[in-house]
Amino acid sequence: MSSEDPAEKMTQSTPQPVASITPHRLHAAAKPPASAQSSEAELVEQIGQLKAQLRQNQAMASLGELTSTATHEFNNVLMTIINYARLGIRNRDDASRDKALSKILEASERAARITSTILAQARNRSDSMEPTDLVALVKDTMVLLEREMNKYRVSVCTEFAEDTVKAMAAGNQIQRVLLNLLINARQAIGEAGQMFVIVRNSDDPAFVEVVVRDSGCGIPAETLPQIFEPFFSTKSGPDDSGKGGTGLGLSACKEIVDAHKGKIRVESSVGVGTAFTIRLPKAPC
Ligand SMILES: Nc1ncnc2c1ncn2[C@@H]1O[C@H](COP(=O)(O)OP(=O)(O)OP(=O)(O)O)[C@@H](O)[C@H]1O
Ligand SMILES: [Mg+2]
């Protein structure tokens, strides 16, 4: 998976070829009748409204997915608390009680982190760009997926460069991107595998980047150009965790990263794995 890999694809705003038109059609297109002009303007407005509605629906769907993931995770933490509380009641010696209490404290702190992540997502609907700590964002997101990663025996290694600068970003939106990438990676691995999540300053001094790399099935070179298209999916539907299959994940990721004036890049080798890199502009120091 080197940057020379032919399967690598950099998605950037490249000018699209324009279909050729005859002079007659060009003339007609240049001077539409007044009624055509107004209905064209109405159509453009309607498309704009539909796009805004779609974005809102995607945000709500992702909040719903996040909430359901967090509810499972929260339930898991509650079970830990209940079990250690029982252990503390049964065993009255100091050592057992200390152990039970420290486990209860640890689990309660995790529960508080889970709820605060969800509340922050639900509360913060603004799309405002602000200096955002990507390491903290990755850590919060990993808390939500810990149970799922354990369930599918995916070990996640994180690598956070110490000198990483904050990104200029809307935290909620970047968290949606991370969730999409991490769930895709987990699904590509299937059962048992490895994932790396790296946060570092990019080679380009204007950017900071997050890499999500997996040891999953990889993406065939002929499929790579399609993966960012809306509704492109190779999944037959949601998996047994109820996730994946609509084909909107990566197109939403690209839209969000583009809106940040960032870049999303994928490198993949079939049978070896896939790495997605998102680059976001650094916040001014
Ligand atoms: N890490 C990955 N490894 C292998 N294939 C991937 C990976 N990430 C994405 N893909 C491929 O790209 C396709 C599109 O991904 P995308 O996230 O847009 O949709 P999806 O995961 O199928 O559905 P959803 O909208 O629910 O996320 C996937 O169906 C899969 O074929
Ligand atoms: Mg997906």
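Nothing in this text is a laboratory measurement; each read-out follows from the coordinates by a stated rule. Keep in mind that this is a model prediction, so the values were computed, not measured. Backbone-built Cβ (ideal geometry, glycine too); neighbour counts: all protein chains shown.
Listed values, structure above:
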item	result
DSSP-assigned coil residues among chymotrypsin sites (Phe, Trp or Tyr not before Pro) in region 230-285, each with at most 10 further Cβ atoms within 10 Å	PHE231
Average Cα contact separation per residue, region 34-281, under 8 Å, 6 or more apart, as relative contact order %	15 percent
Sparse-neighbourhood loop sites, trypsin sites (Lys or Arg not before Pro) in region 150-201 - DSSP loop, at most 15 other Cβ within 10 angstrom	ARG153
